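Asker: Here's a structure for you.
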Amino acid sequence: MKLGALKCVPILAALFAGLSHRFLSQSSFVLSGDDETIRYDALPLKDPVARLQQRMERGETRLEYAAPGGYLLSVLKQLHVQPSSQTLVFSKTSFQFQHISRANPRALYFNDEVYIGWVQGGDVMEVSAVDPDRGAMFYSLDQRQTDKPRFVRRDECLQCHASPRTLGVPGHLVRSVYPDAEGLPLLQAGSFQTDHASPLRERWGGWYVTGTHGVLRHMGNNWVRDVGRPDQLDMETGANVTRLQDRVNLSRYARPDSDLIALMVLEHQTKLHNLLTRANWETRIALHQQDDMNRALGQPSNYWFDSTRRRIQHQVEELLKYLLFTDEVRLDAAVAGTSGFQDEFPKTGARDRRGRSLRDLDLKTRLFRYPCSFLIYSDAFAALPPAARDHLYLRLHEVLTGKDQSKEFAVLSRDDRTAILEILLDTKSGLPDYWKMSAESLNPRRPNPPNKTFTTPGS
């Protein structure tokens, strides 16, 4: 595939930024995406969209077309994405910008592995799915009705999207901008890349937001009235909005919401996906380079350089801190959504013998009741190379058992640490044996309740 001969099509530009065939790593070197260590374009692909396309080609399933959403509802169903995850963005930050406005926002939907963008009147549906080894994969689906709808891989657009915002790997991001009345982002005013560490006052510029949040304020549901002072948004008029019917004709959308809680979960998981991909890639690159050095220097193949250990451990430490929400901004008021997302989201979580899950929401002082990300159960986590995963398990165990009492993890209370440890011991397969032995010594009277079955997803 000759990239220069293809039109660059940014996929979900407000949400996604990706990898070009050359990306800049934190270690200040450039790696080809075609390198044998990563092989970003290699087949077969393992992401959910690729698997769905394979089932369609075998005749095992098909997409159904239904006006007015076209293939939208069928795609959501096939990829197990709940309509309640819908969020609406009106900033013109997609390649389909000509169709996007405050009256016609773009709808985004997601689950743990898939992100879907749909625009009324748009030519294509925009899709990104997480491949466990290679990160975000980008696709489009023609919205015209056809006998054989097909997801088309859009790697060519990634030549425009090599960005440190995604940590130099194929990834995702949520941006908050200062939009004008037409939805154009006033980039001279700056923008914010948001996640669970972002103050709410910097979030959701260019987005609609439905939900309640008390005295907290955000940039959503609003636009710049005075382009000479773009940062002077009237946050009061956009606060605690629970209905959008007076702003948008919602009859063509899957839901009449742009849910506050869905937005918060979306922000959290997009960066964590990037961190997982980054740790995966950096570990594989570091080990590959170490193998080259060992051969060049005549060292045994299992010889480890200190620089290799430091490089892998640095990535693991960044992943660990984000996994445990160590920099999460505190909520000074309770928050609630409108779509039912906050009720549906916890239902798919693995639960321990006491009925607790890492998908349980708090929404009073923080996003989750137990501050350890649900993506620890993801295929992307399981795909971490053993050198990274083993060290992550070690460091996580040190934190949860209280061996590590460093300032970075002081936000985790003793109750938090104990609850997370117990939940993982009951629900996470593949934990090292020392986890189980230490748990028995810490709490030898922790019996299994009779007739209790734990829900345990794969590692």
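Asker: Could you run through segment 171-188 and say how many residues are buried (at least 22 other Cβ atoms within 10 Å of the Cβ) and of a type in the set (A, V, I, L, M, F, W, C)?
Answerer: Summing the residues that are buried (at least 22 other Cβ atoms within 10 Å of the Cβ) and of a type in the set (A, V, I, L, M, F, W, C) in segment 171-188 gives 3.
Asker: From the list L287, L263, pick out the single residue that is surrounded by 23 or more Cβ atoms within 10 Å (Cβ to Cβ) and either assigned to a helix (DSSP H, G or I) or touching a Pro at 6+ places or on another chain (Cβ under 8 Å) (or both). Let's see the steps before the verdict.
Answerer: Working: L287 fails: surrounded by 23 or more Cβ atoms within 10 Å (Cβ to Cβ).
Being surrounded by 23 or more Cβ atoms within 10 Å (Cβ to Cβ) and either assigned to a helix (DSSP H, G or I) or touching a Pro at 6+ places or on another chain (Cβ under 8 Å) (or both) holds for just one of L287, L263, which is L263.
Asker: Given the conditions (1) in contact with a Ser or Thr (Cβ under 9 Å, 6 or more places away or on another chain); (2) closer than 27 Å to A334 by Cβ; (3) touching a residue at least 60 places away in the same chain (Cβ under 8 Å); (4) surrounded by 17 or more Cβ atoms within 10 Å (Cβ to Cβ), and given that R311 satisfies all but one, which numbered condition is not satisfied?
Answerer: Condition (2) is where R311 drops out.
Asker: Can I ask one more? Being farther than 20 Å from G340 by Cα, in contact with a Ser or Thr (Cβ under 6 Å, 6 or more places away or on another chain) and surrounded by fewer than 21 Cβ atoms within 10 Å (Cβ to Cβ): is that true of E64 here? Let's see the steps before the verdict.
Answerer: Details: farther than 20 Å from G340 by Cα: yes; in contact with a Ser or Thr (Cβ under 6 Å, 6 or more places away or on another chain): yes; surrounded by fewer than 21 Cβ atoms within 10 Å (Cβ to Cβ): yes.
Taking the combined requirement at face value, the residue satisfies it.
Asker: Kindly check whether there is at least one residue in segment 85-98 that is over 30 Å from M219 (Cβ atoms) and not β-branched (V, I, T). It would help to see each step written out before you state the result.
Answerer: First, pick out the residues of segment 85-98 that are over 30 Å from M219 (Cβ atoms): none.
No.
Asker: Being over 23 Å from E282 (Cα atoms), in the same structural domain as G349 (by TED's automatic domain parsing), in contact with an Asp or Glu (Cβ under 6 Å, 6 or more places away or on another chain) and surrounded by fewer than 19 Cβ atoms within 10 Å (Cβ to Cβ) is true for just one of D415, D404. Which residue is that? I'd like the intermediate steps shown before the answer.
Answerer: Working: D415 fails: in contact with an Asp or Glu (Cβ under 6 Å, 6 or more places away or on another chain).
Among D415, D404, only D404 is over 23 Å from E282 (Cα atoms), in the same structural domain as G349 (by TED's automatic domain parsing), in contact with an Asp or Glu (Cβ under 6 Å, 6 or more places away or on another chain) and surrounded by fewer than 19 Cβ atoms within 10 Å (Cβ to Cβ).
Asker: Here's something else I'd like to know. Name the residues in segment 364-379 that are over 18 Å from T348 (Cα atoms) and out of contact with any Asp or Glu (no Cβ under 7 Å at 6 or more places or on another chain), would you?
Answerer: Residues of segment 364-379 that are over 18 Å from T348 (Cα atoms), as a first pass: 364-366.
Those that are over 18 Å from T348 (Cα atoms) and out of contact with any Asp or Glu (no Cβ under 7 Å at 6 or more places or on another chain): K364, T365.
Asker: Another question, then. Please go through segment 52-91 and give me each residue that is under 17 Å from the mean Cα position of the chain (by Cα) and of a type in the set (G, A, S), ordered by number.
Answerer: Residues satisfying the conditions are S84, S85.
Asker: I would also like to ask the following. Is it the case that segment 351-370 has a residue that's in contact with a Cys (Cβ under 9 Å, 6 or more places away or on another chain), under 21 Å from V114 (Cβ atoms) and in a loop (DSSP other than H, G, I, E, B)? Show your work before the answer.
Answerer: Residues of segment 351-370 in contact with a Cys (Cβ under 9 Å, 6 or more places away or on another chain): 358.
Filter once more, so that each one left must be under 21 Å from V114 (Cβ atoms): 358.
This time we only want the ones that are in a loop (DSSP other than H, G, I, E, B), so: 358.
Yes, segment 351-370 contains a residue that is in contact with a Cys (Cβ under 9 Å, 6 or more places away or on another chain), under 21 Å from V114 (Cβ atoms) and in a loop (DSSP other than H, G, I, E, B).
Asker: Given the conditions (1) surrounded by fewer than 21 Cβ atoms within 10 Å (Cβ to Cβ); (2) more than 30 Å from G214 (Cα to Cα); (3) at pLDDT 95 or above, and given that K321 satisfies all but one, which numbered condition is not satisfied?
Answerer: (2)
Asker: Next question. Residues A388, A383: which one is in contact with a helix residue (DSSP H, G or I) (Cβ under 7 Å, 6 or more places away or on another chain) and crowded, with 20+ Cβ neighbours inside 10 Å?
Answerer: Numbers: A383 fails: crowded, with 20+ Cβ neighbours inside 10 Å.
Of A388, A383, the one residue that is in contact with a helix residue (DSSP H, G or I) (Cβ under 7 Å, 6 or more places away or on another chain) and crowded, with 20+ Cβ neighbours inside 10 Å is A388.
Asker: Does F341 satisfy the condition of being buried (at least 22 other Cβ atoms within 10 Å of the Cβ), closer than 23 Å to G171 by Cα and either of a type in the set (A, V, I, L, M, F, W, C) or assigned by TED's automatic domain parsing to the domain that holds G171 (or both)? Can you show your working first?
Answerer: On the way: buried (at least 22 other Cβ atoms within 10 Å of the Cβ): yes; closer than 23 Å to G171 by Cα: no; either of a type in the set (A, V, I, L, M, F, W, C) or assigned by TED's automatic domain parsing to the domain that holds G171 (or both): yes.
So F341 does not fit the description; no.
The values are calculated or read from the model by the stated rules, or taken from the named source; none is laboratory data. The structure presented is a predicted model; accordingly, all values stated were derived computationally and were not measured. Here the Cβ is made from the backbone with ideal geometry for all residues, glycine too, and neighbour counts use every protein chain on show.
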